1. Select, from A:Leu86, A:Leu32, the only residue that is within 29 Å of A:Val134 (Cα to Cα) and within 18 Å of the chain's Cα centre (by Cα).
2. Tell me yes or no: at least one residue of segment B:2-16 is away from chain A (no Cβ under 14 Å), under 30 Å from B:Tyr221 (Cβ atoms), within 38 Å of the chain's Cα centre (by Cα) and not aromatic (Phe, Trp, Tyr).
3. Could you grab me the full set of residues in segment A:68-101 that are closer than 25 Å to B:Gly17 by Cβ and in contact with a Lys or Arg (Cβ under 7 Å, 6 or more places away or on another chain)?
4. Go through (1) within 9 Å of chain B (Cβ to nearest Cβ); (2) touching a helix residue (DSSP H, G or I) at 6+ places or on another chain (Cβ under 8 Å); (3) part of a helix (DSSP H, G or I) and name the single condition A:Glu122 misses.
5. Given the residues B:Leu110, B:Leu90, which is the only one that is part of a helix (DSSP H, G or I), under 33 Å from the mean Cα position of the chain (by Cα) and either of a type in the set (A, V, I, L, M, F, W, C) or at pLDDT 85 or above (or both)?
6. So in segment B:176-199, with the set limited to residues that are closer than 14 Å to B:Phe23 by Cα and among the hydroxyl-bearing types (Ser, Thr, Tyr), which one is surrounded by the fewest Cβ atoms within 10 Å (Cβ to Cβ)?
7. For segment A:111-136, what are the residues that are of a type in the set (D, E, K, R) and at pLDDT 90 or above?
8. Can you tell me which residue within segment A:1-55, out of those that are acidic (Asp, Glu) and touching a strand residue (DSSP E or B) at 6+ places or on another chain (Cβ under 6 Å), is farthest from B:Ile211 (Cα to Cα)?
Amino acid sequence: MEKYREPETIIEMQNVGIRYDQGPEILSDIKLSLKKGSFHFLTGKSGAGKTSLLSMMYLQQRPSRGSISVFGKNINFTHRDGLAMLRRRIGVVFQDFRLLDHLSAFDNVALPLRVCGMDEREVRKRVTELLNWVELSRHMQDTTATLSGGEKQRIAIARAVINRPELLLADEPTGNVDNDIAPKLMKLFVELNKLGTTVVIATHSDKLINDFAYPQLHLQNRSLHIHYPSEISRLGGRHA
Amino acid sequence: MPRRVYTPRKQELPLKGDNTSIFLQVMISIAVFIFAITLSGVLSINSMLYNWNRSILGSLTVQIMPVNSANKEKAAAETLAYQEKAVEFLKTVDGIVKVTPLQDEQLKKLIQPWLGDGVNIDNLPMPRIIDIKLAPDADIDFAQVAQNLAQASPQASLDNHKLWLNKLIQFADGLKLIAMTILILVTGITSGAIFYTTQMSLGLHKNIIEILHIMGAKDTYVAQQYAKRMAFLGGSGGIIGLFFSFPVIFFIGSLARQIEGGIISEANLSFGDWLVVCSLPLFSLTISMTTAYYTVKKTLQKML
């Protein structure tokens, strides 16, 4: 009989708290263990700390207290270049896109590959393929400042997944896209997840939560609670 | 059918649009302009000292004071006789390899610049000068030789140039020190300006740098973009500054050459010196590039 092997832990948080300047803690005593290949929605009211939690996951912020390990490395003891190497394994989709508006759609999507020093021919091949897939190849050379909100969102998603990340963090990724595009993007996330990518999607969308039966990381009163699909259906699909 | 026309890759950091770019380029131009003029001054002083040393090292001068007499012809003949005695004595001294009394024409040529064209030198009592070359390893007791010379030829006096040369060297060294201080100040001020404008620019582009970091860029990736831009500004600013310094250097050189037979005309820039001056844009490029690179690295250390 094959011995059961515990999946690799992608993110481990122990007693994590975060505060800004001398203000009160926004998140307190967060304990979290995200396993490889898992898929979670991150929910909570506006201001509950979803963006702060995500920003600690993609290593933009250190916690005020507690410890965070990403891909098995405690970020408190990881050198700057080591952090950069960890970030290359993470794809991030921001709520406000955070595209570089003076660059073309192509250059924006190519960014994660170029910072890794990938050969330019390979960059062109991969970016062109992905822009075709998100139906934006006709805007390849347009600066992102000229694109609509939905198009920007698709560029932001393409940028996050171009490097085939091991961890994908998305903040309201379907918030600005048309109804016919949203399922397609979610399908992309699901496909990536099936290929082994760990996915965390912060969302307010009940439809998304109901359509896809994944566990929720729910932020409430500065704490993190985990709800599993059966529990969610029992609670009526959402947490107030 | 998707378009497959690729435009050239743009730098992620739009540094070309920074308002500080023009300021830095102008500042570097001015710095290199001052640097080039000061450096050519330092190199000229060096060449002047080298020429003085070369012409004076291993040589002595003996001066025969003219005999004072109402009969000019008799006085001239007696002065010449003292010169003969001095030459005979000097040829016997160990370490002296060549004794050359200067001819009348050479003497006139030496004295003319000091008296001007309006004076008839022929009517003046002229001292005689004997040029002496020493062996490279000559170990001469100058005081003893001077004493023996005075006995052999009472009108003769020995000059080993050291006293006036030392004063000139002291003066030249002082000038060099001032020039070096200016060079250090100019370099320091320029580096400081690059440091602060780079920091300012980092603040302006903080959002883009954050994105680059989140995408996995190392500090080196950001620093290289700054270094590349600053290398361009440093190099181009350096070329502009050097270009404008040439007329000034040539003008000062032409002024120096007008002082005929004097000390400053010895101050010419050699081919090697010109190479050093012309390499200043490379120097400004390197300083700008490295200052920006390390400023970025140091500043980014404070970010996560």
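The values are calculated or read from the model by the stated rules, or taken from the named source; none is laboratory data. Since we're looking at a predicted model, the values are computed, not measured. When we count neighbours, we look across all protein chains shown, and the Cβ atoms used for this are built from the backbone with ideal geometry, even at glycine.
1. A:Leu86
2. No: zero hits.
3. A:Phe97, A:Leu99
4. Only one criterion is unmet by A:Glu122, namely (1).
5. That would be B:Leu110, the only listed residue that is part of a helix (DSSP H, G or I), under 33 Å from the mean Cα position of the chain (by Cα) and either of a type in the set (A, V, I, L, M, F, W, C) or at pLDDT 85 or above (or both).
6. Ranking the candidates gives B:Tyr196 first.
7. Of everything in segment A:111-136, those that are of a type in the set (D, E, K, R) and at pLDDT 90 or above turn out to be A:Arg114, A:Asp119, A:Glu120, A:Arg121, A:Glu122, A:Arg124, A:Lys125, A:Arg126, A:Glu129.
8. A:Asp29
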